[in-house]
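The values are calculated or read from the model by the stated rules, or taken from the named source; none is laboratory data. Source: prediction; values computed, not measured. FYI the Cβ positions are ideal-geometry reconstructions off the backbone, even for glycines, and counts take in every protein chain you see. Protein only, heavy atoms only, side chains kept; ligands, DNA and RNA dropped before computing areas. Shrake-Rupley method; radii C 1.70, N 1.55, O 1.52, S 1.80 Å.
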Amino acid sequence: MSRLNRDQLVALAKSQIIEWSPQELKQHLDAGEKLTVVDIRERDEFVQGHLPSSTFIPRGHLELQIEQHQQDREAPVVIYCAGGVRSALAARNLQEMGYENVISLIGGFNGWKNAGYDFKIPTVLTEDQRIRYSRHTILSELGEAGQIKLLESKVLLIGAGGLGSPAAIYLAAAGVGTLGIVDFDTVDVSNLQRQILHGNKDVGRPKVESARDRIHDMNPDVKVIGHMEPITSANALDIIKDYDIVLNGSDNFPTRYLVNDACQFLGKPLVDASIFMFEGQVTVYDPNDANSPCYRCLYPDPPPPGEVPSCAEGGVLGVLPGIVGSLQAVEAIKMLAGIGEPLIGRLLMIDTLDMSFRTLKVRKNPECPVCGEHPTVTELIDYEQFCGLPSSVAHPNGQTTERELVLA
Amino acid sequence: MATLFVPTPLRRLTGGASKVEVQGDNIGALLQALDQQYPGVNERLLDGDGNVKRFINIFVNDDEIGSLQGLNTPVSDSDKVSIVPAMAGGAIV
């Protein structure tokens with residue numbers, strides 16, 4: 001084996017690989033070519049700024065991780081470092097793996113920056129966050145980029161009850177940056193059998209307050225916005241518009257139709273779930289997916305009042321919302337991070353008595369009054385009336401009394 | 001006989017059974033047989049005109065019968081039939 005010094009090795013490497021100038025790379029990118037651009041510098045260099053569409057794989061991990069980002073050995077892979085030396089050496093290593101079109105960027109990131117081209121200074125996790133979310137970031141599907149997306153996301157929970165409790169706790173632990181909670185109820189002892197956001201010391205307190213305390217105790221990264229008011233046709237659009245995804249944990253039909261319609265009008269994905277005794281249903285309605293049904297496709301009309309046993313009558317196994325609300329959190333995280341297949345067009349039926357999980361297909365109804373081809377409902381309506389209940393009435397003092405919203 | 005999954009609120013009428021075996025060539029016939037076996041069930045499922053109520057879905061295996069042939073959807077012995085009512089955490093059929 002010949003003995004090479006540093007300069008000879010670099011010269012040899014450069015003779016065996018393709019190199020592009022920043023101008024050449026820019027032309028290829030501007031032409032819309034599909035290039036895998038990899039930044040192989042160290043983390044502290046990457047966070048100072050990087051090429052806009054680059055993937056970060058430090059040199060030490062390059063061969064081990066490149067296949068997660070590009071498996072096709074014929075696809076062009078552009079790698080760069082700070083000045084074009086490390087990337088020239090690394091390019092040979094990728095060639096050894098069979099990558100046929102490995103290109104090293106001449107002058108590296110500095111050359112790119114000096115040419116006056118755009119670069120991005122990334123949002124990065126703090127040292128504390130890197131430790132806190134390490135079990136997430138190690139998942140290649142999420143990674144640091146996925147975790148940052150979660151931290152930048154806003155999820156609205158309708159209700160801090162049975163479903164909202166586990167959903168809020170897991171979303172908070174997962175680092176979803178903003179959690180909005182709509183609930184005007186106070187904690188009752190009978191809630192504690194299933195509503196794990198709240199404890200004995202919280203009895204009598206507003207649920208949004210005990211939820212905020214519990215969430216902050218779990219994860220101080222999370223901002224909690226409490227909406228301590230009933231959600232109505234008058235405020236629903238205003239409340240929902242600032243969030244990315246809505247999780248429904250309400251237990252009455254007027255609120256279900258209201259939240260569905262508002263999410264459809266605003267284009268917000270809705271992770272819907274309901275529970276009764278030992279059974280649960282979960283599905284996702286995504287107005288941004290042309291094939292996704294909405295709640296009204298599945299249930300065009302509500303059941304008439306009186307035909308239904310009440311919540312207090314039927315009862316609910318305390319653990320059931322724990323399962324179902326956690327599934328809602330999973331669906332929200334998947335959609336926020338853009339991974340996996342959301343539960344769109346599929347209704348998951350859970351029966352904890354025989355412990356069966358079944359998935360049924362649900363289709364968009366072309367005749368749907370809200371999401372169909374010729375919508376007839378184009379603004380929020382009176383949902384109490386729609387569900388055959390007495391409408392909200394205005395008190396002489398100007399305050400509005402809503403039908404009590406009892407959360408699962 | 002097809003296997004019919006009974007939703008929680010109807011189990012009062014089926015003696016608590018969550019799954020029952022029912023004979024019928026199509027969904028309509030199957031529901032009639034179900035009602036004979038467990039009187040009162042159809043009143044919960046069908047409206048005055050004999051149609052499935054609009055807050056209830058019936059599935060044969062994975063598919064909702066509205067996307068098949070409605071109450072005329074054929075049913076064979078190995079089929080699983082699910083009745084899925086709207087639920088709202090307590091407010092249910």
- The helices (runs of 4 or more DSSP H) lying wholly within segment A:125-185 that contain at least 2 residues that are of a type in the set (Ser, Thr, Tyr) and not assigned by TED's automatic domain parsing to the domain that holds residue A:223 are A:134-137
- Task: Take residue A:278 and decide whether it is over 23 Å from residue A:301 (Cα atoms), open to solvent by 10 Å² or more (accessible area, probe 1.4 Å) and within 14 Å of chain B (Cβ to nearest Cβ).
- Result: yes
- Query: Is it the case that residue A:264 is touching a residue at least 40 places away in the same chain (Cβ under 8 Å), within 14 Å of chain B (Cβ to nearest Cβ), surrounded by fewer than 24 Cβ atoms within 10 Å (Cβ to Cβ) and of a type in the set (S, T, N, Q)?
  - Reply: no
- Query: How many residues are within 14 Å of chain B (Cβ to nearest Cβ) and either modelled with pLDDT of 95 or more or open to solvent by 50 Å² or more (accessible area, probe 1.4 Å) (or both) if we restrict to segment A:232-254?
  - Reply: 2
- Task: Evaluate segment B:39-54: report whether one residue or more is at the interface with chain A (Cβ under 8 Å from one of its Cβ atoms) and among the hydrophobic types (A, V, I, L, M, F, W, C).
- Result: no
- Message: Going residue by residue through segment B:12-30, is there one that turns out to be part of a helix (DSSP H, G or I) and within 13 Å of chain A (Cβ to nearest Cβ)?
- Response: no
- Can you tell me which residues in segment A:359-370 are open to solvent by 20 Å² or more (accessible area, probe 1.4 Å) and assigned to a loop (DSSP other than H, G, I, E, B)? A:363, A:364, A:365, A:366, A:367, A:369
- Message: If I filter segment A:211-231 down to residues being over 20 Å from residue A:149 (Cβ atoms) and free of Cβ contacts under 8 Å to residues at least 40 places away in the same chain, which single residue comes out as surrounded by the fewest Cβ atoms within 10 Å (Cβ to Cβ)?
- Response: A:217
- With the checklist (1) buried (at least 19 other Cβ atoms within 10 Å of the Cβ); (2) within 12 Å of chain B (Cβ to nearest Cβ) in hand, flag the one item residue A:300 doesn't pass. (1)
- Message: Just to be sure before I move on: is residue A:343 within 12 Å of another protein chain (Cβ to nearest Cβ), in contact with a strand residue (DSSP E or B) (Cβ under 6 Å, 6 or more places away or on another chain), aliphatic (A, V, I, L, M) and open to solvent by less than 30 Å² (accessible area, probe 1.4 Å) in the structure I sent?
- Response: no
